[in-house]
Amino acid sequence: MGEIDPQGTRKGGLDAFLDQKVDEGYTIETRTDTHAIIARRPRGLKRFTSGADPGRYVVEVDEHGVATMRPAEPRRA
């Protein structure tokens, strides 16, 4: 009792969603069984510039296994 995802529905939904996003070119910065932070890295010399992280998102999965993305806060220096 008290477990967040006793049947693994949220973890399974997150696994499937993240597999799709990795195939699309995102990297996983961090993750738990129910949340993750993903980012799309700039290519070429753009990756050496400072500024906001383009394409950085928080991924959340509800109790039905449905994943949603929202913009993440910028990284702290």
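The values are calculated or read from the model by the stated rules, or taken from the named source; none is laboratory data. Since the model is a prediction, treat every value here as computed from it, not as a measurement. Using ideal geometry, Cβ is built from the backbone for each residue, glycine included, and neighbour counts are taken over all protein chains shown.
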Contact list, first residue from segment 30-53 and under 12 Å from A72 (Cβ atoms) and modelled with pLDDT under 90, second anywhere and part of a strand (DSSP E or B) and of a type outside the set (V, I, T), beta-carbon distance below 8 Å, six or more apart or interchain, is R40/Y26; R40/R56; D53/A39
Per the filter on segment 2-32, residues of a type in the set (D, E, K, R) and in a helix (DSSP H, G or I) are R10, K11, D15, D19, K21, D23
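Take the residues in segment 54-77 that are among the basic types (K, R) and loosely packed, with under 13 Cβ neighbours inside 10 Å, then tell me which one is modelled with the highest pLDDT. Walk me through how you get there before you give the answer.
Within segment 54-77, the subset among the basic types (K, R) is 56, 70, 75-76.
Those left that are additionally loosely packed, with under 13 Cβ neighbours inside 10 Å: 70, 75-76.
Values: R70: 96, R75: 78, R76: 75.
Result: R70.
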